[in-house]
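For reference, the structure I am asking about is given below.
The values are calculated or read from the model by the stated rules, or taken from the named source; none is laboratory data. Bear in mind the structure is a predicted one, so any value in this text is a computation, not a measurement. Don't worry about glycine lacking a Cβ; one is built from the backbone with ideal geometry, like all the others, and counts go over all protein chains shown. Side chains are part of the model used for accessible areas, which takes the heavy atoms of the whole protein and leaves out ligands, DNA and RNA. Shrake-Rupley method; radii C 1.70, N 1.55, O 1.52, S 1.80 Å.
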Amino acid sequence: MLVLVTYDVSTVNSSGQRRLRQVAKICQNHGQRVQNSVFECVVDATQLAVLKIKLLEVIDQERDSLRIYQLGNNYKNKVEHIGVKESIDLEGPLIF
């Protein structure tokens with residue numbers, strides 16, 4: 001299934017900047033960045049649970065915001081891209 005992970009991490013201090021880097025790294029390990037704080041991840045239910053656990057371990061729920069949108073398995077008809085930054089097919093071959 002495709003999930004869209006979005007986050008807003010407070011970076012007013014060094015611990016926030018560290019959390020921002022950690023959240024981005026976790027998301028990069030599960031999908032591709034499509035905007036500054038937005039990632040598309042193709043995961044199964046177990047991988048999604050692991051992703052959530054890892055993100056919850058890092059974010060500060062008093063200062064940060066995390067949103068996860070589950071677009072399901074038939075996501076290709078639900079996503080429309082307009083603009084310059086091409087996205088790669090996460091389920092396609094890894095040959096560039």
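Looking at 20, 66, which is the one that is in contact (Cβ under 8 Å) with a residue 60 or more places away in the chain and outside any loop (DSSP other than H, G, I, E, B)? Steps first, answer last, please.
Details: 20 fails: in contact (Cβ under 8 Å) with a residue 60 or more places away in the chain.
Just a single option satisfies the conditions, and that option is 66.
Identify all residues within region 1-17 that are part of a loop (DSSP other than H, G, I, E, B) and within 14 Å of residue 69 (Cβ to Cβ); write none if there are none.
Filtering region 1-17 for residues part of a loop (DSSP other than H, G, I, E, B) gives 1, 9-13.
Listed by number, the list holds a single entry, 1.
Report, by residue number, each residue of region 44-84 that is more than 15 Å from the chain's Cα centre (by Cα), among the hydroxyl-bearing types (Ser, Thr, Tyr) and either closer than 16 Å to residue 9 by Cβ or open to solvent by 80 Å² or more (accessible area, probe 1.4 Å) (or both).
46
Now a separate question. Does region 26-40 hold any residues that are assigned to a loop (DSSP other than H, G, I, E, B), more than 17 Å from residue 65 (Cβ to Cβ) and under 8 Å from the mean Cα position of the chain (by Cα), and which are they?
As a first pass, look at region 26-40 and keep what is assigned to a loop (DSSP other than H, G, I, E, B): 29-31, 36-37.
Filter once more, keeping what is more than 17 Å from residue 65 (Cβ to Cβ): 29-31.
Hits for region 26-40 are 30, 31.
Of the conditions (1) out of contact with any helix residue (DSSP H, G or I) (no Cβ under 9 Å at 6 or more places or on another chain); (2) at pLDDT 95 or above, residue 35 fails just one. Which one is it?
Answer for residue 35: the failing condition is (2).
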